[in-house]
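Right, one structure below, let's go through it.
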Amino acid sequence: MRYPSGSLVILTGLPGAGKTTLLRRLYGLHGTESLPVTIGTVAVIDSFQSKRHWYGRLAWAPQPVRRAVVFVTHLSRIRRALTRGHSVIAHNRGCGPYVLRGFAWLARRHRAGFHLLLLDAPPEVALAGQRTRGRVVAPRTFARHQRSWESLLTRVQGGDPAPASGAYIMDRAGADVLQEIVFDERSAQSTGR
């Protein structure tokens, strides 16, 4: 896959769809990282890196506070990478309209293209992925993610990637054969599957 140099690409999908697994395979991550990984001019930012950074340090805080601190850390790392002129591929499980508009604003502020890479896995496959990794999302939370995901997927399939300038839908089989994500000056990304 190719994207313009300096772009922000958000890899999103249901929790358990395989986003972290894909980033680990493509970029040689080990899953023990607590900081973003920079390879050449590309910053690879997984939200789990921010979670690991704060692991055990916020035990005193209620769960909503811990979640907010991790998310703000994740956003600040994306902002910092864009400020440094990096191309960014970032995992984010949230795909609600407010979250996506926030990413679009961040990209515009840094004169970066904003693209979505949607990893589409059926809910039962995503739930199985959660059980395999040992981190199962609460049913209400998963249902909320599923509603946001289905809404985004329907819009993109209909040709509307907004607020991103482009979006690409990839199923698990496509993710399994993807060899590389390249950021260069010649690239353009289309919408669709």
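Would you pick out the residues in segment 24-61 that are in contact with a His (Cβ under 6 Å, 6 or more places away or on another chain) and not β-branched (Val, Ile, Thr)? Hits for segment 24-61 are Ser34, Ala43, Asp46, Ser47, Ser50. Scanning segment 88-134 for residues that are among the charged types (D, E, K, R), free of Cβ contacts under 8 Å to residues at least 60 places away in the same chain and over 22 Å from Glu150 (Cβ atoms) turns up Arg108, Arg109. Which members of segment 48-86 meet the condition of being in contact with a strand residue (DSSP E or B) (Cβ under 7 Å, 6 or more places away or on another chain) and among the aliphatic types (A, V, I, L, M)? Ile78, Ala81, Leu82 - these are the residues of segment 48-86 that are in contact with a strand residue (DSSP E or B) (Cβ under 7 Å, 6 or more places away or on another chain) and among the aliphatic types (A, V, I, L, M). Of all the listed residues (Val9, Val72, Val42), the sole one being closer than 28 Å to Leu153 by Cα, open to solvent by 60 Å² or more (accessible area, probe 1.4 Å) and among the β-branched types (Val, Ile, Thr) is Val72.
For first residues located in segment 47-61 and under 12 Å from Val72 (Cβ atoms) and of a type outside the set (S, T, N, Q), partners that are part of a loop (DSSP other than H, G, I, E, B) and open to solvent by less than 60 Å² (accessible area, probe 1.4 Å) and lie 6+ apart or on another chain with Cβ distances below 7 Å form the pairs His53/Ser34. In segment 168-177, the residue that is most open to solvent (accessible area, probe 1.4 Å) out of those that are in a strand (DSSP E or B) and within 12 Å of Leu11 (Cα to Cα) is Tyr168. Arg84 falls short of the stated requirement of being at pLDDT below 95, open to solvent by 10 Å² or more (accessible area, probe 1.4 Å) and either out of contact with any Leu (no Cβ under 8 Å at 6 or more places or on another chain) or within 23 Å of Gly134 (Cα to Cα) (or both).
Among (1) within 27 Å of Glu185 (Cα to Cα); (2) of a type outside the set (S, T, N, Q); (3) assigned to a helix (DSSP H, G or I), where does Phe48 come up short? In the conditions (1) within 27 Å of Glu185 (Cα to Cα); (2) of a type outside the set (S, T, N, Q); (3) assigned to a helix (DSSP H, G or I), Phe48 misses (1) alone.
The values are calculated or read from the model by the stated rules, or taken from the named source; none is laboratory data. All of these numbers come straight from a predicted model, not from anything done at the bench. Please note: Cβ atoms are built from the backbone with ideal geometry, for glycine as well, and neighbour counts cover all protein chains shown. Each accessible area value is taken on the protein alone, full model and side chains, heavy atoms only, with ligands, DNA and RNA left out. Shrake-Rupley method; radii C 1.70, N 1.55, O 1.52, S 1.80 Å.
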